[in-house]
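The values are calculated or read from the model by the stated rules, or taken from the named source; none is laboratory data. What you see is a predicted model, and the numbers here were worked out from it, not measured in a lab. All Cβ positions, glycine included, derive from the backbone under ideal geometry; neighbour counts span all protein chains shown. Each accessible area value is taken on the protein alone, full model and side chains, heavy atoms only, with ligands, DNA and RNA left out. Shrake-Rupley method; radii C 1.70, N 1.55, O 1.52, S 1.80 Å.
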Amino acid sequence: MIGRVADSDVTVLLQGESGTGKEVVARAIHRYSKRRNEPFIKINCATIPENLIESELFGYEKGAFTGAGSRKPGKFELAHRGTIFLDEIGELSLNTQAKLLRVLQEKEFERVGGTESIQVDVRIIAATNKDLERCVAEGTFREDLYFRLNVVKIWLPPLRERIEDVPLLAKAFLYKYSRELNKHITGFSPAALEIMKQYDWPGNVRELRNVCEQAVVLARGPVIMPEDLPFCLQATNREIRNSIRRGMTLKEIVAEVERQVILKTLQEHNWNRSATAQALGLNRRSLYAKMKEYGLL
């Protein structure tokens, strides 16, 4: 889809949960477009206060407001002949949405405090983790702007819906952080990969990237082992949800999670109790007692 839309100047709307890679997709569209040698300007609409967003987008003239000591170009001027990426566009106020709509329709705007119309040639890519159709129905997003943005929509699925991508992405992140941290890490053990494939990844690709960086930092050998992964991966969300569905109490859920972690660590260490105890931060006596309690002997 990226390849099919890149060569045109069509407006693209990227939708997906936080952490699914919307900015990566936006940059890829720009990189493969005929505008690739022109600016790529990103603006996060959620991080700029309402009273500043207009001047950030369109710039301002000298004296337009207190502190405006000189003329300043906005993001649209800076992106001329290139691409502007409007991240979290669902956070814009209705007033700013109206002014953005004019830019899409007329390809012109005025700086804050100015009267001169400025023409721009900009390709717009917008992104949001909100359901804009619902926002339109609720009256928080303009319907006419939504249709202007929604020329081509690319939906980025959450990582839990494309678990088959986890090993590929993890390998890429492992290579990246091994080089950056000057460590010789060759890959993931089968058990570690299986744990990663069983996890639901609520933070999506961003969370996977952080987990891989942490694993490279903590790894004691050339292969990432289960004990190098964060504890939250050991006790998967899926297991917890299934336990809740079965009507288990919190105490029972915690015990089940602990049993699963101990079992997986034992399997990873070929049931060597000393190695398992060390990996879990337990002494052999405590591990033996827990194995007996959970029927793992």
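A few points about this structure:
- Cα gyration tensor shape for region 140-297, rounded if a/c is under 1.5, else prolate or oblate: oblate
- Stretching the chain fully between W155 and R31 yields a gain of 42.7 nm (0.36 nm per residue, less the alpha carbon separation).
- Residue-averaged [θ]222 nm for the chain, counting only DSSP H segments that reach four residues, each worth -39500 (n - 2.57): -14000 deg cm²/dmol
- Neighbourhood charge, 10 Å Cβ-Cβ cut-off, centred on V122 and excluding it, Lys, Arg +1 and Asp, Glu -1: +1
- Entry note: region 1-76 has Rg to Rh equal to 1.08, where both radii use alpha-carbon atoms and Rh is the Kirkwood radius.
- A 1.4 Å probe run over the protein chains yields, for the chain, 53 Å² of accessible area per residue, whole-number rounding.
- Positive end of the dipole of region 1-153 (Cβ unit charges, origin at the Cα centre): among S55, Y32, I118, the Cα lying farthest that way belongs to Y32.
- Semi-axes of the equivalent ellipsoid for region 245-296, Cα gyration tensor, largest first, Å: 22, 11, 9
- Counted charge near L181, where neighbours are those whose Cβ lies closer than 15 Å (Asp, Glu -1; Lys, Arg +1): +2
- Apportionment of accessible area to carbon and sulfur, region 1-127, percent (1.4 Å): 47 percent
- Reachable aspartates and glutamates from K34, criterion Cα separation under 14 angstrom, eight or more residues apart if same chain: D7, D9, D121
- Each residue of region 108-116 was assigned a 3J(HN,Hα) from its phi angle through the Karplus curve 6.51 cos²θ - 1.76 cosθ + 1.60 (θ = phi - 60°); the sequence is 8, 6, 10, 5, 4, x, x, 10, 7 Hz, with glycine and proline shown as x.
- Here the dipole of the chain is about 1020 debye; that uses its Cα centre as origin and unit charges on the Cβ of Lys and Arg (positive) and Asp and Glu (negative).
- Near the amide H of L156, within less than 5 Å, lie the amide hydrogens of Q15, G16, all on another chain or at least 5 residues away, with H placed in the peptide plane.
- Förster radius 25 Å - calculated FRET efficiency between D9 and K72, Cβ distance, rounded to 0.05: 0.40
- GNM flexibility winner over the chain from Q105, Q260, Q119 (Cα, springs under 10 Å): Q105
- Hits among lysines - C-alpha to C-alpha of K290 under 17 Å, sequence gap 8 or more where chains match: K251, K264
- For region 57-150, taking the reciprocal of the average inverse distance between every pair of different Cα atoms yields a Kirkwood hydrodynamic radius of 14.1 Å.
- Note on the chain: Kirkwood radius taken over Cα pairs, Stokes-Einstein applied at 4 °C and 1.567 mPa s, translational D equal to 57 µm² s⁻¹.
- The 3J(HN,Hα) values that the Karplus relation (6.51, -1.76, 1.60; θ = phi - 60°) gives for region 193-205 are, in residue order, 5, 5, 4, 5, 6, 8, 7, 8, 6, x, x, 6, 5 Hz. Gly and Pro appear as x.
- Of all aspartates and glutamates in the structure, the ones whose alpha carbon falls short of 19 Å from that of K130, not counting any fewer than 8 places away in one chain, are E17, E23, E50, D87, E88, E91, E138, E143, D144, E161.
- Rough spin-label spacing in nm, given labels placed 7 Å along Cα→Cβ, for K171 and H80: 4.6 nm
- Extreme residue, positive dipole direction of the chain, given options G139, L169, T265 (C-beta unit charges): T265
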